[in-house]
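The next block holds one structure in the form of structure tokens; read it before the comments.
The values are calculated or read from the model by the stated rules, or taken from the named source; none is laboratory data. This one's a predicted model, so the numbers in the text were calculated from it and none came from an experiment. Here the Cβ is made from the backbone with ideal geometry for all residues, glycine too, and neighbour counts use every protein chain on show.
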Amino acid sequence: MPVLLIAGGSRGIGASTARLAARDGYDVAVNYVSNEKAAADVVAAVQAAGRKAIALQGDMSREDDIERVFDEAARALGPVTHFVHSSGIAGKNSKLADASAETMRAVVEVNLLGALLCSRAAVNRMSTAKGGKGGAIVLLSSIAAVTSGAGEYVFYAAAKAAVDVLALGLAREVVKEGIRVNAVRPGVTDTEIHAPGRLERITPLLPMGRPGTPDEIAEGILFLLSDAASYVTGSVLNVAGGR
């Protein structure tokens, strides 16, 4: 059976991905950093859909935690065959000139370094060249990677643009090892990542006049994980409502 590990699976897009993955027949490992109750709620939803699930605490920007979480997922559910990197923070909104080094470092470590380390861990377990059976990886980028985040979080946009490059480069490295790698660029989505008041401020500016829902983004992720996307690798899918 397919086993999906979601880094940052307890809330927002990650949580929606977990619930929809259960609908599609995946057993799911739900990673979380601190919100144990939220992770438990997602696990319960997956189990209610008839699939196996486990919650695994770990900071997915830390190498030791990442390796442990992958190993614990495999022990509980079987080898990880699919991986989604949904861990992300935007940092305190500001122009670059006013951003602290601490904010920028945290954003890069969670959004980019975490994606790199998690992708390495996934490849080392999935690659047919390393004894694995292949698999699929989806990385969460952001439409900010192309709209730039000017005036709010250029540092976040830059990290997400690097995730786009990671998806393409890694896909080319492992395409003959049975692994597909893609990314999804969500547009403005109704999750907790936004600074207070931001969602209300920018909604009137959106082409559809509304933000996306986590489920709408998750459907794109599930497509890229699925066999329906068997000839899709190295791609970035915009799920951004026309932005």
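Here are some notes:
- Within the stretch 61-175, helices (runs of 4 or more DSSP H) holding 2 or more residues that are within 22 Å of residue 229 (Cβ to Cβ): 114-126, 144-147, 154-174
- Boolean, residue 188 is surrounded by 14 or more Cβ atoms within 10 Å (Cβ to Cβ) and modelled with pLDDT of 95 or more: no
- Hits in the stretch 1-48 - residues which are in a loop (DSSP other than H, G, I, E, B) and either surrounded by 24 or more Cβ atoms within 10 Å (Cβ to Cβ) or of a type outside the set (S, T, N, Q) (or both): 1, 2, 8, 9, 10, 11, 24, 25, 26, 33
- So residue 180, is it at pLDDT 95 or above and basic (Lys, Arg): yes
- For residue 88: the one exception among (1) under 19 Å from residue 11 (Cα atoms); (2) small (Gly, Ala, Ser); (3) modelled with pLDDT of 95 or more: (3)
- Qualifying positions in the stretch 110-146 - of a type in the set (Val, Ile, Thr) and in contact with a Pro (Cβ under 7 Å, 6 or more places away or on another chain): 143
- Check on residue 106, out of contact with any Gly (no Cβ under 8 Å at 6 or more places or on another chain), at pLDDT 95 or above and of a type in the set (Gly, Ala, Ser): no
- Conditions (1) in contact with an Asp or Glu (Cβ under 7 Å, 6 or more places away or on another chain); (2) crowded, with 22+ Cβ neighbours inside 10 Å; number of the one not met by residue 128: (2)
- Total residues in the stretch 144-177, condition modelled with pLDDT under 95 and of a type in the set (Asp, Glu): 1
- Just so you know, in the stretch 203-243 the residues that are without any contact (Cβ under 8 Å) to a residue 12 or more places away in the chain and either polar (S, T, N, Q) or part of a loop (DSSP other than H, G, I, E, B) (or both) include one that is surrounded by the most Cβ atoms within 10 Å (Cβ to Cβ), and it is 209.
- Residues (among the hydrophobic types (A, V, I, L, M, F, W, C) and farther than 15 Å from residue 16 by Cα) located in the stretch 38-54: 54
- Filter pass, residue 239 being over 16 Å from residue 17 (Cβ atoms) and of a type in the set (Val, Ile, Thr): no
- Of all the criteria given as (1) part of a helix (DSSP H, G or I); (2) under 17 Å from residue 8 (Cβ atoms), the one not satisfied by residue 56 is (1).
- Taken together, the residues in the stretch 185-202 that are free of Cβ contacts under 8 Å to residues at least 60 places away in the same chain and in contact with a helix residue (DSSP H, G or I) (Cβ under 8 Å, 6 or more places away or on another chain) amount to 3.
- Of all residues in the stretch 147-166, at least one satisfies being over 23 Å from residue 94 (Cβ atoms) and without any contact (Cβ under 8 Å) to a residue 60 or more places away in the chain.
- Residue count, the stretch 68-83 (criterion: without any contact (Cβ under 8 Å) to a residue 60 or more places away in the chain and buried (at least 16 other Cβ atoms within 10 Å of the Cβ)): 1
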